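Data first, discussion second: the structure below is written as structure tokens.
The values are calculated or read from the model by the stated rules, or taken from the named source; none is laboratory data. Small disclaimer: the values here were computed from a predicted structure and weren't measured. Please note: Cβ atoms are built from the backbone with ideal geometry, for glycine as well, and neighbour counts cover all protein chains shown. Accessible surface areas use protein heavy atoms only, side chains included; no ligands, DNA or RNA. Shrake-Rupley method; radii C 1.70, N 1.55, O 1.52, S 1.80 Å.
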Amino acid sequence: MIQTINEYQFTNAFHKMDRGNQFTHRGLLALFEYLEDYEDSTGEQIELDVIALCCEYNEYEDLAEFQEDYSEDYESIEEIEQATTVIMIDDDAFIIQAF
């Protein structure tokens with residue numbers, strides 16, 4: 001059974017599961033938009049599993065924070081995009097699919 005949800009319901013689901021601090025509000029909105037676009041482009045529906053999304057995606061405020069976790073071998077967003085999915089939030093902040 002699939003239920004269609006909006007941005008508010010998506011972000012609220014994270015807070016109900018005590019995962020509201022996993023992503024910034026802007027990050028959650030960017031992730032929601034990315035997942036909606038993915039569904040539209042593939043025709044595949046995605047189940048909202050907050051815990052799985054928290055395990056699968058990480059938000060970074062900038063490249064330097066990302067490099068602390070992954071390495072300074074990645075010198076640009078473009079290099080990260082060659083290794084995984086990158087969801088831009090603004091000019092600096094982004095979400096990646098963990099790898």
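Quick look at the numbers
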{"read-out": "Identity of the residue in the range 48-59, assigned to a helix (DSSP H, G or I) and touching a residue at least 12 places away in the same chain (Cβ under 8 Å), that ends up surrounded by the most Cβ atoms within 10 Å (Cβ to Cβ)", "value": "LEU53"}
{"read-out": "Complete set of residues in the range 9-42 that are open to solvent by 60 Å² or more (accessible area, probe 1.4 Å) and either in contact with a His (Cβ under 6 Å, 6 or more places away or on another chain) or among the hydrophobic types (A, V, I, L, M, F, W, C) (or both)", "value": "MET17"}
{"read-out": "Subset of the range 49-84 (residues that are of a type in the set (Val, Ile, Thr) and within 17 Å of GLN22 (Cβ to Cβ))", "value": "VAL50, ILE51"}
{"read-out": "Conditions (1) over 15 Å from the mean Cα position of the chain (by Cα); (2) of a type outside the set (Val, Ile, Thr); (3) in a helix (DSSP H, G or I); (4) under 22 Å from GLN3 (Cα atoms): number failed by GLN67", "value": "(4)"}
{"read-out": "Number of the exception - GLN45 against (1) at pLDDT 95 or above; (2) open to solvent by 70 Å² or more (accessible area, probe 1.4 Å)", "value": "(1)"}
{"read-out": "Exclusive hit being of a type outside the set (Lys, Arg), at pLDDT 95 or above and open to solvent by 40 Å² or more (accessible area, probe 1.4 Å), set ASP91, ASP73", "value": "ASP91"}
{"read-out": "Qualifying positions in the range 60-69 - open to solvent by 40 Å² or more (accessible area, probe 1.4 Å) and either acidic (Asp, Glu) or within 22 Å of LEU35 (Cα to Cα) (or both)", "value": "GLU61, ASP62, GLU65, GLU68, ASP69"}
{"read-out": "Subset of the range 1-30 (residues that are outside any helix (DSSP H, G or I) and either more than 15 Å from GLU59 (Cβ to Cβ) or among the β-branched types (Val, Ile, Thr) (or both))", "value": "MET1, ILE2, GLN3, THR4, ILE5, ASN6, MET17, ASP18, THR24"}
